[in-house]
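The values are calculated or read from the model by the stated rules, or taken from the named source; none is laboratory data. Worth saying up front: this structure is predicted, and the values here are computed from it rather than measured. Neighbour counts run over all protein chains shown; Cβ positions are idealised from the backbone, glycine included.
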Amino acid sequence: MPKMIFVNLPVTDLKRATAFYEAIGAVKNPQFCDDTASCMVFSETIFAMLLTHDKFRQFTPKPIADAKTSNQVLFCLSADSRSEVDDIIGKAAAAGGVADPSPKDEYSFMYGRSFEDLDGHMWGVNWMDLAAAPPQPAMATA
């Protein structure tokens, strides 16, 4: 079985956050949802667990960072084309998110843009043509 990733995000308004992620293409899995959590499915292996602050606090003794003023992680989703990158960013903006909070990545083999969700969590969306990517530089030997 392939490894799966469950990204757990604290959100201030679960209903609005759920609608935002549905607007950008994630599908809500009701099997793992209640009034404190929404399981948003991006693929067979990528899930975002949207958790109310009270629910999130059950998993960590550390304070919840304000993602609008600080950053602990950056998430990145792959896309199948440049146009899919633009489509997802457009959907994020239309759903109330912030489009392009960081500069675009524009290379011959890669194209990427970013968005912030309603709570300030930053997501990158990237398309890559791996066949056109430059070869990995040789490792220096001692």
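Quick look at the values:
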| quantity | calculated |
| --- | --- |
| Residue match in region 99-113 (condition: closer than 30 Å to residue 31 by Cβ, surrounded by 12 or more Cβ atoms within 10 Å (Cβ to Cβ), of a type outside the set (Phe, Trp, Tyr) and touching a strand residue (DSSP E or B) at 6+ places or on another chain (Cβ under 8 Å)) | no |
| The one condition in (1) more than 17 Å from residue 20 (Cβ to Cβ); (2) in the same structural domain as residue 4 (by TED's automatic domain parsing); (3) not small (Gly, Ala, Ser) that residue 41 fails to fulfil | (1) |
| Residues of region 110-142 classified as at pLDDT 90 or above and not in a strand (DSSP E or B), total | 5 |
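For (1) assigned to a strand (DSSP E or B); (2) in the same structural domain as residue 119 (by TED's automatic domain parsing); (3) not acidic (Asp, Glu), each residue gets a yes or a no:
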{"site": "50", "(1), (2), (3)": "yes, no, yes"}
{"site": "55", "(1), (2), (3)": "no, no, yes"}
{"site": "77", "(1), (2), (3)": "yes, yes, yes"}
{"site": "80", "(1), (2), (3)": "no, yes, no"}
{"site": "88", "(1), (2), (3)": "no, yes, yes"}
